[in-house]
1. Which entries of Lys322/Lys362; Lys245/Lys322; Lys92/Lys245; Lys60/Lys339 show an alpha-carbon separation above 28 angstrom in the structure shown?
2. Can you find, among Thr306, Gly275, Pro354, the residue sitting farthest towards the positive end of the charge dipole of the chain, where Lys and Arg contribute +1 and Asp and Glu -1 at Cβ?
3. Per-residue ellipticity at 222 nm for the chain, helices alone: DSSP H runs ≥ 4 residues times -39500 (n - 2.57), over residue total, nearest 500 deg cm²/dmol?
4. Note down the nm distance, to one decimal, between modelled labels 7 Å out along Cα→Cβ at Arg142 and at Lys392.
5. Would you be so kind as to identify all helices of the chain, as entire DSSP H runs, whose Cα atoms reach 15 Å or more along the helix's own axis and whose mean Kyte-Doolittle hydropathy is at least 0.5?
6. If you consider only alpha-carbon coordinates, what radius of gyration and Dmax does the chain have, in Å?
7. 7 Å from Cα along Cα→Cβ at both Asp363 and Glu89: what's the point-to-point distance in nm?
8. Modelling each spin label as a point 7 Å along the Cα-to-Cβ direction, I'd like the Glu324/Asp155 distance in nm, to one decimal.
Amino acid sequence: MRDPTAFLKEEYDALVRDELDWKLRVLQGPSLPWCEVDGREVLMLCSNNYLGLSNHPRLKEAAIEAVRTHGAGSGSVRPIAGTMDLHVELEKRLARFKRADASLVYQTGFAANAGLIPQLAGKGDLIVSDELNHGSIIDGVRLSHADKAVYRHCDAADLEKVLGEAERRSPAPRRILVITDGVFSMDGDIAPLPDIARLAHEHGAMLYVDDAHGEGVLGDGGRGIAEHFGLARNRVHVEMGTFSKAFGVVGGHVSGSQDLVNFAYNRSRTWLLSGSHPPAVAAACIAAVDVLETEPQHVRTLWEHTHYFKRSMQQLGFDTGKSETPIVPIMVGESGKAKKLSQRLFEERVFALPIIFPMVAKDRARIRTIMNAAMSRSDLDFAISAFERAGKELGII
Ligand SMILES: *Cc1c(COP(=O)(O)O)cnc(C)c1O
């Protein structure tokens, strides 16, 4: 009899052969600008810890204190016995920060998208999605029984065409949900949200923005993409985000009307059927919101670093692609070269991962760098000169 698990090894071996397997690097200590990775002290350029909050003393103290007062775990799912005062406080504090009527916290951003999207649109509805939306959105859309349509990346004219076609369908969709990432994680470009919001409004569609890379980064005090563009609150119906990136902890969230939140927590299966955050997580997230409200310097420094790094790299002759944010891709072209560059950088004590096919098109391989407010100017100079040496060696500049 053939071993029914034989495919596990076969498929894994194929991934290794095609160099598509993940080789995990291990951090031996905290995620700081300088960290120990696989026994080497390196400058971290590929973490989503934009503001350095994962090691902010106020977050760490809040987490420790919550373990003392509330224990290590919550004991249940939120709807049964797992809603603690800390969870409620976090949602209040987040809504205030987002200037929304209400917010709801999920275990992760992935759980928010996978749990809420299929409830917002079902049979007879239509979901219209940017072609480069995040995988968690794609899975959320797959879980829904709605029809799906995709528009070209950040292309409002194409979105208009798709919405026009939807209107002429017979029967017309019962509801239309337009979904986009706020900031796209591979290129660091920003969705043209004012145009998207106008089109959604004209076609009577709901608008859902996944601002995982925008919150803590864009807009007044890091309030996100809607604030960045000065959009009226009722134009973006669902603002989704994560505590795992700029907020430095873990957890997903959605903000919007009280009606949205009431609906979302009663219907999202990921929220209803999965344990709630440990007290330390909720407390650290509250502290993160607190830090964003009271220490505006982190967001400011993040942008100063971004401008300085991008300008310096461009002056050296590097192509930073379409980046408009602290996500700065260094375009290389061919996958092999991007891998070599990443390897050379690691030898130079700079940790930045290659992004290659199938994550991006075959000829669009790159090294993706992400800025961190906790770095210093001399850290940036260290990275820039490492890129210069390795880039010249490999004939990239
Ligand atoms: C990271 C990310 C998520 C998932 O967030 P988690 O809280 O880490 O699960 C969702 N959407 C986008 C666009 C992301 O970049």
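Taken together, the values in this text are just the output of simple stated rules run on the coordinates, not laboratory data. In this text the structure is predicted, and so the values were computed from the model without any measurement. Every residue, glycine as well, gets a Cβ built from its backbone with ideal geometry; the counts of neighbours run over all protein chains shown.
1. Violating the 28 Å Cα-Cα cut-off are Lys60/Lys339.
2. Final value for the positive-end residue is Gly275.
3. Rounded to the nearest 500, the figure is -13000 deg cm²/dmol.
4. The two pseudo-label positions are separated by 4.7 nm.
5. Length and hydropathy pass: 109-120, 279-294.
6. In order Rg, Dmax, the Cα atoms of the chain give 21.7, 65 Å.
7. Inter-label distance under the simple model: 5.6 nm.
8. 1.7
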